[in-house]
Amino acid sequence: MARQFLEGTWQKKNRAFSPAVVTSGGSTIWLAGHGAIRDDEGNTLAGDFTAQAHQSFKNLAATLEEAGGSLKDIVTMTVYIIDVRFGDEFINIRREYFDDFPASAMITVAGFAQPEMMVEIQGIAVIDDA
């Protein structure tokens, strides 16, 4: 499977996303929204945007592993955040998980299905056919 991450003019450097990702071959995984109001031990993450973002990526990684992939296979993501002021923080967190950045949109929302949620990540991944 081939994958090309376009760099764009300002996207990769300033906002940690690719304006487009080109793939050929492979299988597509459509990822539901992943958020986190509790960590793996069941402790609340309410009010902690950073912890919720990291746990959301951890949850995405677990789902992708079950499907035969990993975070590096994500080619696009839509990120929903509760407050625009968390946008730059999310970008810095995303930099920790990717070398080649997926295409992305970030949207500020008025609320989530669970009131404690502060971030939710939905995406599409493409993995090599086995």
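A few notes on this one:
- Taking the conditions (1) under 15 Å from PHE98 (Cβ atoms); (2) open to solvent by 60 Å² or more (accessible area, probe 1.4 Å); (3) among the hydroxyl-bearing types (Ser, Thr, Tyr) in turn, SER56 satisfies each one other than (2).
- For the condition under 20 Å from ARG15 (Cα atoms), hydroxyl-bearing (Ser, Thr, Tyr) and not in a strand (DSSP E or B), TYR97 qualifies.
- Test: THR50 is in contact with a helix residue (DSSP H, G or I) (Cβ under 7 Å, 6 or more places away or on another chain), open to solvent by 40 Å² or more (accessible area, probe 1.4 Å), in contact (Cβ under 8 Å) with a residue 40 or more places away in the chain and under 21 Å from ILE91 (Cα atoms): yes
- Residues that are under 17 Å from the mean Cα position of the chain (by Cα) and over 29 Å from ASP128 (Cα atoms) within segment 21-38 comprise just one, ILE37.
- Apart from one condition, ILE81 fits all of (1) over 15 Å from ALA16 (Cβ atoms); (2) in contact (Cβ under 8 Å) with a residue 24 or more places away in the chain; (3) over 11 Å from the mean Cα position of the chain (by Cα); the exception is (1).
- Residue that is nearest to GLN122 (Cα to Cα) [pool: residues in segment 29-46 that are of a type outside the set (Phe, Trp, Tyr), open to solvent by 60 Å² or more (accessible area, probe 1.4 Å) and in contact (Cβ under 8 Å) with a residue 40 or more places away in the chain]: ALA32
- Condition met for GLY26 (under 15 Å from PRO102 (Cβ atoms), open to solvent by less than 40 Å² (accessible area, probe 1.4 Å), in contact with an Asp or Glu (Cβ under 9 Å, 6 or more places away or on another chain) and at pLDDT below 95): yes
The values are calculated or read from the model by the stated rules, or taken from the named source; none is laboratory data. This is a predicted model, so every value here is computed, not measured. Methodologically, a virtual Cβ is constructed for each residue, glycine included, from the backbone with ideal geometry; neighbour enumeration extends over all protein chains shown. In case anyone asks, the SASA skips ligands and DNA or RNA and just uses the protein heavy atoms, side chains included. Shrake-Rupley method; radii C 1.70, N 1.55, O 1.52, S 1.80 Å.
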